[in-house]
Ligand code: ADP
């Protein structure tokens, strides 16, 4: 890009080929990108939403109904669309569910803003109106929330989060498992989701998924000559390779006689023996090593009756440390009896064709594992994602003790009350508040469309039902407008609140941009 100075000498401030869109052109482009992304993801919303099949450059396939997963797998290049993906990811990280809702809502807010621009309302007025609407809508949401954290509600919440995500054949069993798991690790109203470990087993029925007390590691013992089970386990956690110092493949050793070679081999074996002795002397009978273990060392460990696993994942090590009281040791010389953890029972067990190590009867029982079964990798992965969403919503409800009724009912109620509020506000901001209210209706409209229903009829019925009852929503399985509280479609207040806040924030961020400067090829 060039501009003339006084001597008519062009100066270049942007690299050749850089694309630039200013003012309404930039806004329009960004709105279009956001709307397109929302339109793509919309068909997956709700229990009747369809799945998407995504194939990456390596040919790996992911089939999912989960908004965060779909967006994560899509190779999105447009910056405004990328911003929406970021917001959905944040939603997933913070509350663990509601990712599709956030993108669909943000897309509709952008669409409504565009309509206002076309009718001559200035961007700053729209933004002011949206800010007023946002404050009010959160107030309305709080007004229609219900206090609850009893077991029955938690199960309904888990079920609502999982509906339509491949779990329906075993929805009751799985919601039981999730609620049980969260209640086991709950500590004074707080839930650390890291205490619940989900392990996938590709094979078997979904309904065979189960909860295990303690920790499950997706590896068996390092050698078949080690004991298969240990009672009264004394556990050592090592981040130190039990291998020769110089196992580097490039290293060379020259020997002038067979005796010298033998001496060298003996010294290497001695080195490994010393390391194993160190472990034995500490009193450990179980070893979880984050690094490798040499075959010779394994032999000595087995001879001393030690159950060992090599290359244990860092996340598993932290979980074991927390549950058993063991301290991770980074130099084997520092391994002493006071660094050991304890567990009543450690054993190896095969599930389907995979070997697992069970660490049970831990000192700190606030940790558990869930075994997820599914006949294929695609099925078990989708179930795992559904369970993660359910874990998120159940934890959020235990922490906040506030829920909202789902099935499109809160959006219709918020839209109704927000429209009434708009009438009390003068000026053009009123138009923006009304537009915000209409945007909220995209959720019930989409739920109805995805269920193959006539969305206009459903919305008319919903609006009239809300004259008297704020919990009337759309039962996507029967097509009826019913009290969703009676149908048990319940969600945590936190998910709804965060979805609205994040959608409005993303929309505002996109609308504030009036200049798009992009490096050559970056928008393609
Ligand atoms: P998200 O990723 O945003 O959570 P989902 O695909 O899980 O998207 O859909 C969530 C929406 O589906 C919520 O608005 C919720 O109230 C609604 N929903 C869940 N179960 C039902 C049901 N049985 N009937 C009607 N709506 C439901």
The chain, relative contact order [Cα under 8 Å, separation at least 6], % = 26 percent
ask   = Say R0 is 25 Å: what FRET efficiency, to the nearest 0.05, do residue 352 and residue 63 get from their beta-carbon distance?
value = 0.75
ask   = What's the exposure ranking of 131, 160, 357, going from fewest to most Cβ atoms within 10 Å?
value = 131, 357, 160
query = To the nearest 10 degrees, how steep is helix 123-144 against the longest Cα principal axis of the chain, on a 0 to 90 scale?
reply = 70 degrees
task = Counting only DSSP beta bridges with both residues in the chain, tell me the antiparallel percent, nearest 5.
result = 70 percent
request  = Please say if region 75-155 is rounded, prolate or oblate, where rounded means a/c under 1.5 for a ≥ b ≥ c the square roots of the C-alpha gyration tensor eigenvalues, and otherwise the choice is prolate for a/b larger than b/c and oblate otherwise?
outcome  = oblate
Span from the region 152-215 Cα centroid across to the region 438-480 one, whole angstrom = 30 Å
inquiry  = Just want the ordering: 512, 42, from fewest to most Cβ atoms lying within 10 Å of their own Cβ.
reply    = 512, 42
query = Once label points are set 7 Å from the Cα along Cα→Cβ at both residue 457 and residue 184, what is their separation, rounded to one decimal in nm?
reply = 4.8 nm
task = Provide 53, 509, 484 in ascending order of the number of other Cβ atoms located within 10 Å of each residue's Cβ, fewest first.
result = 53, 509, 484
note = Asserting the computed 222 nm helical MRE of the chain (DSSP H runs at least 4 long, -39500 (n - 2.57) per run, divided by residue count, to nearest 500) equals -15500 deg cm²/dmol
task = List the relative contact order of region 361-501 as a percent without decimals, with contacts defined as Cα pairs under 8 Å and 6+ residues apart.
result = 29 percent
remark   = Distance in Å, no decimals, from the C-alpha centre of region 326-356 to the one of region 366-398 is 25 Å
key: Förster radius 35 Å - calculated FRET efficiency between residue 168 and residue 345, Cβ distance, rounded to 0.05   = 0.50
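Bear in mind that the values in this text are calculations on the coordinates, not laboratory data. Computed from a predicted structure; not experimentally measured. Cβ coordinates were reconstructed from backbone atoms using ideal geometry, including for glycine residues, and neighbour counts include every protein chain displayed.
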